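As structure tokens, the structure follows; a few thoughts come after it.
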């Protein structure tokens, strides 16, 4: 057999083995050919291609470089070279190789697509889009190009166009699970969570082993407030890929929403086991510990997070919260001030700064902090409450009443605010309005003996002694040690002319160690 015929047969055998994915066998055929003719161009670029499939990219590049020196007019060589460079994440060089191939054959749709891929990997999305559009001009039925065009548009925030491109891809191939997954992500970004869920379920139906789709389904179910189902989806993702940090992070967040803080802590610990240098995971661990009232441990976790990323305003605020709960008020204040230096518009940090300044007796500064917090978020009921509490403690009763009226407008179910409003109304002599406030407070919290006592005092002040008596008795039933309720019960009995009963009650109180 002559050499030319032998080379042809070997090249044919190599191609057949390649198509059957017998890459080692294909490589052997290429090498036998090159033993006969080291410059056989077909064997060289085929060898480069086979080496790429065997993940031997550096060797593939060497082969392609030799081939391109022999035949610089052969576009396929530059395509294979581009593929090897892409695989090595040398995207600029890959782009140059594809552009060389396109100089030789500007009508090759596949090469335009590959150029688009390299540009995408470089984050040059406008140019990426142009490359995919050229691909589709040459071959409108190229599904991958439609999908990738959608990806580029998504990254350019042209979401409706992105959706249209993916829909076109699905018309050509309705079983492409990756496109259904992308649609799920897009709908989630648009806040169209039910549509996102439907798209992700379709993706999972087509590819039930896609851990990313299960994880994203968990996120969308979370957005829909369906936390138990979200947890099940996350657990499925973990079963498929237990080494994905993001899945453990999401699981931790879901468990936190379910109030299952110990399990949430275990999830954060797993995320940190996989990557102990993740500042966000340390922050999340701190959150779980804080929710378990483990303030020292929470503080340590947040400090670790800040070691890794000291510019997290929210974590400085959280550190301040832990220090506050540990009674370390000066350190707490310093942490809040650091948070506010990083983010002067952090209303929660201004609120917390107000709390710690109040604890430190710096009342003017505390009030200023609350007012700054309310400037940033005028609908924050708790800040209005704390402002009212501070004003009340400084005997600025009219201003305090205004603050509590604001609280109950923003949060009509705040029993304590209704109680404080009632006290202030009573102090100003508006006893009927005070009584109404106390009754509203008791509707919300019927076990607060202090409010029962306050209601009794309002009735007493209105001269409604018969009604006041059982109210004081209710307060004493809830707290038999309330000396003021004992005293007011005696006074009420006297007002009713029941002096003998009043003496008996006074003696009962005396036996309990109360005197008035």
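The values are calculated or read from the model by the stated rules, or taken from the named source; none is laboratory data. All values reported here derive from a predicted model rather than from experimental measurement. For neighbour counting, all protein chains shown are included, and Cβ atoms are generated from backbone atoms with ideal geometry for every residue, glycine included.
I'd like to check something: does the range 438-460 contain any residue that is closer than 27 Å to residue 353 by Cα, within 37 Å of the chain's Cα centre (by Cα), part of a helix (DSSP H, G or I) and at pLDDT 95 or above?
Looking for residues that are closer than 27 Å to residue 353 by Cα, within 37 Å of the chain's Cα centre (by Cα), part of a helix (DSSP H, G or I) and at pLDDT 95 or above, one finds none in the range 438-460, hence no.
For the range 27-46, which residues satisfy the criterion of being in contact (Cβ under 8 Å) with a residue 24 or more places away in the chain and crowded, with 24+ Cβ neighbours inside 10 Å?
Residues satisfying the conditions are 33, 43, 44, 45, 46.
Looking at the structure I just gave you, is residue 416 surrounded by 16 or more Cβ atoms within 10 Å (Cβ to Cβ) and more than 40 Å from the chain's Cα centre (by Cα)?
The answer is no for residue 416.
Somewhere in the range 343-358, is a residue part of a helix (DSSP H, G or I) and surrounded by fewer than 17 Cβ atoms within 10 Å (Cβ to Cβ)?
Looking through the range 343-358, none of the residues is part of a helix (DSSP H, G or I) and surrounded by fewer than 17 Cβ atoms within 10 Å (Cβ to Cβ).
Residues to consider are 141, 175; find the one that is farther than 22 Å from residue 220 by Cβ, outside any helix (DSSP H, G or I) and touching a helix residue (DSSP H, G or I) at 6+ places or on another chain (Cβ under 8 Å).
Answer to the selection: 141.
Just a yes or no: is a residue in the range 306-315 surrounded by fewer than 22 Cβ atoms within 10 Å (Cβ to Cβ) and over 30 Å from residue 360 (Cα atoms)?
Yes, the range 306-315 has at least one match.
Residue 166: crowded, with 22+ Cβ neighbours inside 10 Å, touching a helix residue (DSSP H, G or I) at 6+ places or on another chain (Cβ under 8 Å), at pLDDT 95 or above and farther than 25 Å from residue 135 by Cβ, yes or no?
no
Yes or no, residue by residue, for (1) farther than 23 Å from residue 198 by Cβ; (2) in contact (Cβ under 8 Å) with a residue 40 or more places away in the chain; (3) assigned to a loop (DSSP other than H, G, I, E, B):
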| position | (1), (2), (3) |
| --- | --- |
| 214 | no, no, no |
| 220 | no, no, no |
| 225 | no, no, yes |
| 246 | no, no, no |
| 256 | yes, no, no |
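Can you name the residue in the range 124-133 that is touching a residue at least 24 places away in the same chain (Cβ under 8 Å) and in contact with a helix residue (DSSP H, G or I) (Cβ under 7 Å, 6 or more places away or on another chain) and, of all such residues, is surrounded by the fewest Cβ atoms within 10 Å (Cβ to Cβ)?
Residue satisfying both the conditions and the ranking: 125.
Output the residues belonging to the range 477-509 that are under 54 Å from the mean Cα position of the chain (by Cα) and outside any helix (DSSP H, G or I).
Passing the criteria: 479, 480, 481, 482.
Just a yes or no: is a residue in the range 212-224 modelled with pLDDT of 95 or more, over 28 Å from residue 345 (Cα atoms) and surrounded by fewer than 18 Cβ atoms within 10 Å (Cβ to Cβ)?
Scanning the range 212-224, I find at least one residue that is modelled with pLDDT of 95 or more, over 28 Å from residue 345 (Cα atoms) and surrounded by fewer than 18 Cβ atoms within 10 Å (Cβ to Cβ), so the answer is yes.
Based on this model, can you work out whether residue 4 counts as at pLDDT 80 or above and part of a helix (DSSP H, G or I)?
So residue 4 does not fit the description; no.
When the range 45-62 is examined, which residues are found to be more than 45 Å from the chain's Cα centre (by Cα) and at pLDDT below 90?
45, 46, 47 - these are the residues of the range 45-62 that are more than 45 Å from the chain's Cα centre (by Cα) and at pLDDT below 90.
Within the range 155-163, is even one residue out of contact with any helix residue (DSSP H, G or I) (no Cβ under 7 Å at 6 or more places or on another chain) and either closer than 23 Å to residue 99 by Cβ or part of a loop (DSSP other than H, G, I, E, B) (or both)?
There is at least one residue in the range 155-163 that is out of contact with any helix residue (DSSP H, G or I) (no Cβ under 7 Å at 6 or more places or on another chain) and either closer than 23 Å to residue 99 by Cβ or part of a loop (DSSP other than H, G, I, E, B) (or both).
With 399, 375 as the choices, which residue is within 29 Å of residue 341 (Cα to Cα) and part of a helix (DSSP H, G or I)?
After ruling out the rest, the residue left standing is 375.
Is there any pair with a first residue in the range 498-516 that is in contact (Cβ under 8 Å) with a residue 24 or more places away in the chain and a second that is surrounded by 13 or more Cβ atoms within 10 Å (Cβ to Cβ) and assigned to a helix (DSSP H, G or I) whose Cβ atoms are under 6 Å apart and which are 6 or more apart or on different chains, and what are they?
Close Cβ pairs (under 6 Å, with a partner that is surrounded by 13 or more Cβ atoms within 10 Å (Cβ to Cβ) and assigned to a helix (DSSP H, G or I)) amount to 509/486; 514/483; 514/486; 516/487.
Here is a check on your reading of the model: is residue 70 farther than 18 Å from residue 114 by Cβ, crowded, with 19+ Cβ neighbours inside 10 Å and modelled with pLDDT under 90?
no
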